[in-house]
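S.K.: Dumping the structure here so I can ask a few things about it.
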């Protein structure tokens with residue numbers, strides 16, 4: 001386990017038929033200082049329009065540590081710290097959303113209506129929401 005007690009991280013967004021999938025991947029690459037693999041899934045909207053779901057999954061400690069280092073550099077840590085508890089579900093998964101257009105312009109403001117979803121699974125043994133909150137607050141206060 002990494003020092004943050006994070007088991008995995010997922011970053012997910014979508015690309016409408018009117019968007020360039022490669023540009024969306026490039027946009028997601030802004031969260032990383034290393035090469036990542038993209039998983040793509042095709043689906044269709046209500047009116048039959050094609051939508052590509054793009055997901056990055058990190059489970060190796062080295063990748064998680066590198067992502068966290070970059071993430072802490074680009075986000076508003078104080079806002080995330082203030083809202084951490086409400087972003088955490090009962091399984092220890094924290095959710096953060098950002099807007100694709102803002103990220104394209106290098107604005108990494110947390111936007112609860114954003115279309116980029118970042119999920120982090122915090123783990124404690126034994127399972128404890130209080131310990132996850134303590135670990136999360138320690139991580140985001142650095």
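S.K.: So for 40, 90, 19, fewest C-beta neighbours within 10 Å to most, what's the order? Show your work: numbers first, answer last.
M.R.: Working: 40 12, 90 7, 19 15.
So the ranking, lowest neighbour count to highest, is 90, 40, 19.
S.K.: While we're looking at this one, here's another question. Between residue 35 and residue 138, what's the calculated FRET efficiency when r is the beta-carbon distance and R0 is 25 Å? Round to 0.05. If you can, show how the numbers build up before the last one.
M.R.: On the way: r = 29 Å, r/R0 = 1.17.
Efficiency at R0 = 25 Å is approximately 0.30.
S.K.: Highest first, please rank the peptides 56-62, 105-111, 92-98 by the mean number of other Cβ atoms sitting within 10 Å of their residues.
M.R.: On the way: 56-62: 15.0, 105-111: 13.4, 92-98: 19.4.
In descending order of packing, they fall as 92-98, 56-62, 105-111.
S.K.: For the range 6-140, taking Cα atoms only, what is the radius of gyration to one decimal and the Dmax to the nearest whole Å?
M.R.: According to the Cα coordinates of the range 6-140, Rg and Dmax are 15.3, 47 Å.
S.K.: Test of understanding: ordering 53, 64 by Cβ neighbours within 10 Å, fewest first, what list do you get? If you can, show how the numbers build up before the last one.
M.R.: Details: 53 13, 64 21.
With the sparsest Cβ surroundings first, the list reads 53, 64.
S.K.: For a footprinting-style exposure proxy, rank 137, 86 by other Cβ within 10 Å, fewest first.
M.R.: Working: 137 14, 86 9.
Neighbour counts put them in this order, fewest first: 86, 137.
S.K.: Roughly what angle does helix 61-74 make with the longest principal axis of the chain, taking Cα atoms, 0 to 90 degrees, to the nearest 10?
M.R.: Tilt relative to the chain: about 80 degrees.
We did not get these values from a lab; they are worked out from the coordinates using the rules stated. Since the structure is predicted, the reported quantities are computational estimates derived from the model, not experimental observations. A quick note on method: Cβ atoms are made from the backbone with ideal geometry, for glycine too, and the neighbour counts reach across all protein chains shown.
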